[in-house]
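Everything on this sheet refers to the single structure shown next.
FYI, it's all coordinate maths here, none of it is from the lab. Not measured: the values here are computed from a predicted model. Positions of Cβ are generated from backbone atoms using ideal geometry, with glycine treated the same way; all protein chains shown enter the neighbour counts.
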Amino acid sequence: MSPAPAGGAAPGARRAWPGEVAARLGPLALSLALVAGLCALLGASPAAVAASLWEGAFGSADQAARVLATLAPLLLCASGLLFTFRAGLYHLGVEGQLVVGALCATGAARALWPGLPAGAVVALCVAAGAVGGVLWGAVTGALHTRGRVSEIFAGLGMNFVAQGAVLYLVFGPWKRPGVASMAGTEPLDGALWLSTLGGTELSPAALLLAALALVGTAVVLGRTHLGLRLRAVGLSREAAEVLGVPAARQMLLAFAISGALAGVAGALQVLGTFHRLIPNVSSNLGFLALLVVMLAGRRAALVAPIALFFSALNVGSLKLPMTLGLESSLSGVLQGVLVLLALLSPWNVRNARGTRDTPPPRGARRPEEA
């Protein structure tokens, strides 16, 4: 056995180098500079925009609670996407999985209340959301693995179907008595609402569930055979099959796990945020979770701070029209530019190539033998 190099570094370990740090932080600096230039063109001071965003996100306890309330479903969706991205799948169907989870949770509440105790109904609604998300994810996975449909197009198509189903129910069988509107279905009974902190929008139970999901995701992907198998599939499906890993089965499992977590997020949107099913129940959190995971470089440790940043941008941007007369969509411009530049950075391009091109090491053991 060869001795470890001086300094205690393990053989073959690659230390961080200034260029890599610059490649990670460069997109943030450049995107901020571009948005600052856009603000100047619009006649607003970048400092005033930043102050308005901060004030809108953390200026009061209610606003800070709204940021954390948005963070909970965002973390759940991002946690699920980590599984599909680890398997090399560019899964865009998480939005539809969230919507179906909300739909199933609403259906369970309508069917079970008031026949069962409120606590049991809430738990069953969350379970129904998870099951709905699993089934929706399984369909997307089957289209990809069995029907040879790109996971990108399969996911987007399933998103449209899910949104269409919600619109049909809101304006059809589940419409409010005597009226059908974008306001959604009749509100759930107050006994089924998730308890919140001090009258704010923040549900501690929802945030705790999301945090546990992210921690569990990090442990599963980094410390278990399942994480190893998904990584093998993501590196090379053909090589994974040679090593005894059924690639199609692992991809279906990744879709199902992603669906379960997104479905729970949808249930929380119904039980904790809107208290009813509305056409825009997802609030585009599924797509936002995609940006979070891509910007995090698919690393679970970076998901929480980036998700918090995006959540604060979303909530804080609502103050821009009132204070500076700017469109709240400016935060979306910042998010989009930030992710685009991050994806085009040399570090991410190199990693993306490595995901597809890295061959399995010689003499690699089967994952079940590891």
Report the label-to-label distance for L212 and A138 in nanometres (one decimal), using points 7 Å from each Cα along the Cα→Cβ vector.
2.4
Net charge near L214 (other residues with Cβ under 15 Å of its Cβ; Lys, Arg +1; Asp, Glu -1) is +4
Using just the C-alpha positions of the range 191-335 as equal point scatterers, what log10 of I(q)/I(0) does the Debye formula give at each q in 0.09 1/Å?
-0.38
14 Å reach of a label modelled at F287, 7 Å along Cα-to-Cβ, counting backbone N of the range 119-143:
none
Under the 0.36 nm per residue contour assumption, what length would be gained going from the current alpha-carbon distance of R223 and K175 to full extension?
12.6 nm
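By its C-alpha gyration tensor, with a ≥ b ≥ c as the square roots of the eigenvalues, how is the range 101-240 shaped: rounded for a/c under 1.5, else prolate for a/b larger than b/c, else oblate?
Here the range 101-240 falls in the oblate category.
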For the pair M322 and L167, what calculated FRET efficiency results from E = 1/(1 + (r/R0)^6), where r is the Cβ-Cβ distance and R0 = 30 Å, to the nearest 0.05?
0.45
Taking 0.36 nm per residue of separation and subtracting the Cα-Cα distance, what length does fully extending I152 through A33 add?
39.7 nm
Trypsin sites (Lys or Arg not before Pro) restricted to the range 233-323 and DSSP loop, no more than 14 other C-beta within 10 Å
R299
Here, A301 and A40, labelled 7 Å along Cα→Cβ, have an inter-label distance in nm of 3.6
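Neighbouring Cβ atoms within 10 Å as the yardstick, rank H225, H275 fewest first.
H225, H275
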If the label point sits 7 Å along Cα→Cβ of A48, residues of the range 322-340 with amide N under 16 Å come out as 322-328
Taking the Cα-to-Cβ direction at M182 and at A120 and moving 7 Å from each Cα, how far apart do the two end points lie in nm?
4.0
